[in-house]
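> Just passing along the structure, written as structure tokens.
The values are calculated or read from the model by the stated rules, or taken from the named source; none is laboratory data. Model, not experiment: these values are computed from the prediction. All Cβ positions, even for glycine, are placed from backbone atoms using ideal geometry, and neighbour counts span all protein chains on display. Side chains included, ligands, DNA and RNA excluded: accessible areas come from the protein's heavy atoms. Shrake-Rupley method; radii C 1.70, N 1.55, O 1.52, S 1.80 Å.
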Amino acid sequence: MKQYVFLPLIAVLMTACGSKPVKEMTISEQLEQRLQQLQTQGYMMGHQDDPFYGVNWSGIEDPSKPELGRSDTKETCGDYPAVMGFDLGGIEMGDAKNLDSVPFTRIHDELIAHHERGGIVTLSWHPRNPLTGGTAWDVSDSTVVRNILPGGSQHEKFRQWMGRVANFISTLSDSKGRPVPIIFRPWHENNGSWFWWGEKLCTAKEYKQLWNLLQDDFRQRRFDNLLWSYSPNLDGQWTEARFMQRYPGDDRVTLIGEDAYQWGTEEDFVSQVTADLDFLSAFAKNHGKLIALTECGLKNMTDSTWYTRVLQPVMDRYPISYFLFWRNSHEEFFGPVLGQPWADDFNKMVSSKNVHTLKDIIR
Ligand code: BMA
């Protein structure tokens, strides 16, 4: 009863004093604010699939040995990454495990656990090809996006897929029942043409319609914990006009990232990522957005000083929020591994004042 009298009274008083009652921030707005604050002190280190497996261990092969608490990052530097990335590929099919054999129950638990220890979490999604039944990398048909859009032959199926993703996201709440804030990063690397939503596989208009279809569906479901991240791939030649072609829009994106791997020479990588971060940091400043290296790395760490010699000097020059090394599996690895030649270099990098692991962001 007290509440009913009290709250309108405050509202009346505030209005009388000329100020409106402050609207409570959504969970994603709170995450945005936290990222903005953290960014003023440096940038965060992230790792994909960090708690599930490493180069020399697996916590997902034998369900009786989940290897809880393990992390190549923690074993190398004594701390968890500040950011952990997880992938939803396969959830759209109703699968129990994702495309890298990680049970969704583990993704659920580890994502919440990382949030509860104060970390930041990000979700990507490599959905299968709804038209051909192939993987996300099946680019044999260039009408997939068109067929997903309203009126297309795969539209109803895709609605069901979105529903399955949404159902999973709706289970991601902390112990107090509050939805976990998540950097959500769909339809990535879209300036390349290796995913069915890539540049040569759909028009710019179709790409934006695809983005909106998913985002509008999730907005209708009233998720307020998703911070939307747009992350094309390393490009080296962005212009405002070309970038804008597929950019979903300021009202639809909070963080602009890019996936930046060194596949060729060090010189090419540094010049491309520098050009891109010049562009992205200026764009982000003008549009009020955060920036990040949403995926990055040197496959199989063929250079043991790459972190501090190649990557870190570039990142130090830009106001990035975080960088995320892709996964450490026995097939491919990008992050630190205890005892391996690049472990010392990793420790040197994360001991820099401006490079943050988990303990640095929860102090
Ligand atoms: C790719 C590779 C694949 C993996 C996929 C999703 O970059 O690592 O092996 O299945 O990401 O994690």
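> How many of the residues in the stretch 341-363 are open to solvent by less than 10 Å² (accessible area, probe 1.4 Å) and either among the polar types (S, T, N, Q) or part of a loop (DSSP other than H, G, I, E, B) (or both)?
Adding up the residues that qualify gives 1.
> Okay, moving on. Just wondering, is there one or more residues in the stretch 72-84 that are assigned to a helix (DSSP H, G or I), under 18 Å from His188 (Cα atoms) and touching a helix residue (DSSP H, G or I) at 6+ places or on another chain (Cβ under 8 Å)?
The answer is no, given that none of the residues of the stretch 72-84 is assigned to a helix (DSSP H, G or I), under 18 Å from His188 (Cα atoms) and touching a helix residue (DSSP H, G or I) at 6+ places or on another chain (Cβ under 8 Å).
> If you don't mind, another one. Got a number for residues in the stretch 82-97 being over 13 Å from the mean Cα position of the chain (by Cα) and either small (Gly, Ala, Ser) or farther than 19 Å from Ile182 by Cα (or both)? Full working, then the answer.
Keep residues of the stretch 82-97 that are over 13 Å from the mean Cα position of the chain (by Cα), which gives 89-97.
Remaining after also requiring either small (Gly, Ala, Ser) or farther than 19 Å from Ile182 by Cα (or both): 89-90, 93-97.
Within the stretch 82-97, residues that are over 13 Å from the mean Cα position of the chain (by Cα) and either small (Gly, Ala, Ser) or farther than 19 Å from Ile182 by Cα (or both) number 7.
> I would also like to ask the following. Give the residues of the stretch 312-335 that are within 14 Å of Met84 (Cα to Cα) and either basic (Lys, Arg) or more than 16 Å from the ligand (Cβ to nearest atom) (or both), sorted by residue number.
Ser321, Tyr322, Arg327
> What is the number of the single condition among (1) within 18 Å of Gly94 (Cβ to Cβ); (2) part of a loop (DSSP other than H, G, I, E, B); (3) in contact with a helix residue (DSSP H, G or I) (Cβ under 6 Å, 6 or more places away or on another chain) that Gly134 does not meet?
So the condition that Gly134 fails would be (3).
> Starting from the stretch 115-133, keep only residues that are open to solvent by 20 Å² or more (accessible area, probe 1.4 Å), then list their pairs with residues that are more than 16 Å from the ligand (Cβ to nearest atom) and small (Gly, Ala, Ser) whose Cβ atoms are within a distance under 7 Å, requiring at least 6 positions of separation or different chains.
From the stretch 115-133, the pairs are Glu116/Ser175; Thr132/Ser140.
> I'd like to check something: does the stretch 98-117 contain any residue that is in a loop (DSSP other than H, G, I, E, B), touching an Asp or Glu at 6+ places or on another chain (Cβ under 9 Å) and charged (D, E, K, R)? Spell out the reasoning first.
Let us first name the residues in the stretch 98-117 that are in a loop (DSSP other than H, G, I, E, B), namely 98-102, 117.
Subset that is touching an Asp or Glu at 6+ places or on another chain (Cβ under 9 Å): 98-102.
Remaining after also requiring charged (D, E, K, R): 100.
Yes, the stretch 98-117 has at least one match.
> A follow-up question, please. Within the stretch 43-70, which residues are hydroxyl-bearing (Ser, Thr, Tyr) and more than 23 Å from Asp360 (Cα to Cα)?
Of all residues in the stretch 43-70, those hydroxyl-bearing (Ser, Thr, Tyr) come to 43, 53, 58, 64.
The answer is Tyr53, Ser58, Ser64.
> Would you check if there is a residue in the stretch 303-310 being part of a loop (DSSP other than H, G, I, E, B), closer than 27 Å to Ile361 by Cβ, at pLDDT 95 or above and acidic (Asp, Glu)?
No: zero hits.
> Here's something else I'd like to know. Which count do you get for residues in the stretch 12-61 that are assigned to a loop (DSSP other than H, G, I, E, B), at pLDDT 95 or above and not aliphatic (A, V, I, L, M)?
Residues flagged as assigned to a loop (DSSP other than H, G, I, E, B), at pLDDT 95 or above and not aliphatic (A, V, I, L, M) within the stretch 12-61 amount to 13.
> Could you tell me whether Trp187 is open to solvent by less than 60 Å² (accessible area, probe 1.4 Å), modelled with pLDDT of 95 or more and at positive phi?
On the way: open to solvent by less than 60 Å² (accessible area, probe 1.4 Å): yes; modelled with pLDDT of 95 or more: yes; at positive phi: yes.
Against the criterion (open to solvent by less than 60 Å² (accessible area, probe 1.4 Å), modelled with pLDDT of 95 or more and at positive phi), Trp187 qualifies.
For (1) over 20 Å from Thr274 (Cβ atoms); (2) out of contact with any Lys or Arg (no Cβ under 9 Å at 6 or more places or on another chain); (3) of a type outside the set (A, V, I, L, M, F, W, C), each residue gets a yes or a no:
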{"residue": "Leu298", "(1), (2), (3)": "no, yes, no"}
{"residue": "Leu311", "(1), (2), (3)": "no, yes, no"}
{"residue": "Val314", "(1), (2), (3)": "no, yes, no"}
{"residue": "Tyr318", "(1), (2), (3)": "no, yes, yes"}
{"residue": "Tyr322", "(1), (2), (3)": "no, yes, yes"}
{"residue": "Trp326", "(1), (2), (3)": "yes, no, no"}
{"residue": "Ser329", "(1), (2), (3)": "yes, yes, yes"}
{"residue": "Val337", "(1), (2), (3)": "yes, yes, no"}
{"residue": "Pro341", "(1), (2), (3)": "yes, yes, yes"}
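> Specify which of the listed residues (Asp79, Asp100) is surrounded by fewer than 21 Cβ atoms within 10 Å (Cβ to Cβ) and either over 17 Å from the mean Cα position of the chain (by Cα) or of a type in the set (A, V, I, L, M) (or both). Break it down stepwise before answering.
On the way: Asp100 fails: either over 17 Å from the mean Cα position of the chain (by Cα) or of a type in the set (A, V, I, L, M) (or both).
None of the others qualify; the one that does is Asp79.
> Would you confirm whether any residue within the stretch 69-84 is among the charged types (D, E, K, R) and within 16 Å of the ligand (Cβ to nearest atom)? Walk me through it before giving the result.
Here is the first cut: in the stretch 69-84, the residues among the charged types (D, E, K, R) are 70, 72, 74-75, 79.
Remaining after also requiring within 16 Å of the ligand (Cβ to nearest atom): 72.
Checking the stretch 69-84: at least one residue is among the charged types (D, E, K, R) and within 16 Å of the ligand (Cβ to nearest atom).
Matching residues to (1) part of a helix (DSSP H, G or I); (2) open to solvent by 10 Å² or more (accessible area, probe 1.4 Å); (3) not acidic (Asp, Glu):
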site	(1), (2), (3)
Asp259	no, no, no
Gln272	yes, yes, yes
Leu293	no, no, yes
Phe323	no, no, yes
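> Checking Ile60 against (1) more than 20 Å from the chain's Cα centre (by Cα); (2) free of Cβ contacts under 8 Å to residues at least 40 places away in the same chain; (3) within 15 Å of the ligand (Cβ to nearest atom), only one condition comes out false. Which one?
Status for Ile60: all satisfied but (2).
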